[in-house]
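J.: Before I ask anything, let me first share the structure, which is written out below as structure tokens.
The values are calculated or read from the model by the stated rules, or taken from the named source; none is laboratory data. Please read all numbers here as calculations on a predicted model, not as lab measurements. Calculation scope for accessible area: heavy atoms of the full protein, side chains included, ligands and nucleic acids excluded. Shrake-Rupley method; radii C 1.70, N 1.55, O 1.52, S 1.80 Å.
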Amino acid sequence: MSENTENPSAKRGRPKSRIGVVTSNKMTKTVVVQVERRMKHGRYGKYLTEKNKYKAHDEDQACKIGDQVRITETRPVSKDKRWRVAEILRPADTTLEAHAPSPHAERS
């Protein structure tokens, strides 16, 4: 009678989440998200920007390059994917490209 003392319905801790920008969506159901973090150097006190790239699962393939997304830690989906896209916080700003003056526009 070696029963497990752990309850199978025990609650787990809150999964980690990060906010970053989509840098690539070339793969099927996978996006690459770059997360930036400002940190102070331990000895010199200079502020550094640490950049990490995570591969995240995007089931609906809704993310585009430049979207700001929240990714959440999940069980391993593949060799490199341990994150999934939880939500798109801010879509990529395509309005700037549409209203930008063309380089061949006439000048007055």
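J.: All but one of (1) open to solvent by 80 Å² or more (accessible area, probe 1.4 Å); (2) part of a strand (DSSP E or B) hold for ALA56; state the number of the condition that does not hold.
T.: So the condition that ALA56 fails would be (1).
J.: Do you know which residues across segment 41-90 are within 14 Å of the chain's Cα centre (by Cα) and on the phi > 0 side of the Ramachandran plot?
T.: Result: GLN61, GLY66.
J.: Tell me, please, whether a residue that is modelled with pLDDT of 95 or more, hydroxyl-bearing (Ser, Thr, Tyr) and open to solvent by 90 Å² or more (accessible area, probe 1.4 Å) can be found in segment 24-46.
T.: Yes, some residue in segment 24-46 is modelled with pLDDT of 95 or more, hydroxyl-bearing (Ser, Thr, Tyr) and open to solvent by 90 Å² or more (accessible area, probe 1.4 Å).
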